[in-house]
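Each reported figure results from applying straightforward, stated rules to the coordinates on display, with no laboratory input. Only a predicted model underlies this, so the values are computations on that prediction, with no experimental measurement involved. Cβ atoms come from the backbone with ideal geometry, glycine included; neighbour counts cover every protein chain shown.
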Amino acid sequence: AGENGVHKDQGNVGEAAAILYFTKSGAKVSKPLFENTSYDLIVDDGLSLCRVQVKSTPYLSKYGIYQVELRTKGGNTSWNGVVKLADSSGCDKLFVYCSNGDTYLIPVMEFDGQGRVSLGIKYESFRVM
């Protein structure tokens, strides 16, 4: 599969984990029909809709803390190679799947336009599994 295949598989596992998490909590989960949105899932908890971007990470810092890239590098012609950051105008929450199985559900407002986040003590209260 090569390196791109490994990254795609990691992303698929993260998205499957997110769908499992939200479905087990009783929510209805929908996927956008096309890939030109800044979110991966729409979650309906019966009271409101939430746009969720899913990120998956295998990357550990030298201190053993998972790091997640918040930038999405656009390779298609509609983005012209632009690097997009997760922000609250494009999605509401970020679901992060770490390769050890830890998952986090974090409001996008927590990131302040950062390009990479270390999931240390600051984000521990957002761990969901």
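Please tell me which of these pairs span more than 26 angstrom C-alpha to C-alpha: Lys28/Lys122; Lys55/Lys122; Lys31/Lys122?
Lys28/Lys122; Lys31/Lys122
Residue-wise HN-Hα couplings along the range 44-59, as the Karplus relation 6.51 cos²θ - 1.76 cosθ + 1.60 with θ = phi - 60° gives them from phi, are 10, 8, x, 10, 7, 9, 10, 8, 10, 9, 9, 10, 10, 9, x, 8 Hz; Gly and Pro carry x. With R₀ set to 22 Å, the beta-carbon distance separating Ile121 from Ser99 gives a calculated FRET efficiency near 0.65.
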